[in-house]
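I have placed the structure first, in the form of structure tokens, so that the comments after it can refer back to it.
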Amino acid sequence: MLTYIRDNHLVMEISDNGKGFENAWDAETEEGPTGLGLPAIRQRVAWLGGEFSIRGGSNNGTTVRLSIPLT
């Protein structure tokens, strides 16, 4: 996990080298919510004027990054 200030934004990055996961933004399945809450995080970061991204895929690990303006 990295946390730093860049260009007047608070940036947080969380990475792993695991198996990753598909369809990161789909927080519901036929069985109901998966409990990940990623759409809720994305919405809250957007309310703050920030950006939220997930990069990765099957067998490539995953990086979650959010950037929130400090002003």
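The values are calculated or read from the model by the stated rules, or taken from the named source; none is laboratory data. Note that the structure is predicted; figures quoted are calculated from it, not measured. Reconstructed Cβ throughout: ideal geometry from the backbone, glycine too, with neighbour counts over all protein chains shown.
Below are the figures for this structure:
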{"item": "Tabulated pairs, the range 31-58, first over 19 Å from residue 18 (Cα atoms) and assigned to a strand (DSSP E or B), second at pLDDT 80 or above and not aliphatic (A, V, I, L, M), C-beta under 6 angstrom, 6+ apart or interchain", "result": "51/67; 52/42"}
{"item": "Checking residue 40 against (1) under 13 Å from the mean Cα position of the chain (by Cα); (2) at pLDDT 80 or above; (3) surrounded by 12 or more Cβ atoms within 10 Å (Cβ to Cβ), the condition it does not meet", "result": "(3)"}
{"item": "Identity of the residue in the range 1-30, at pLDDT below 90 and in a strand (DSSP E or B), that ends up surrounded by the fewest Cβ atoms within 10 Å (Cβ to Cβ)", "result": "29"}
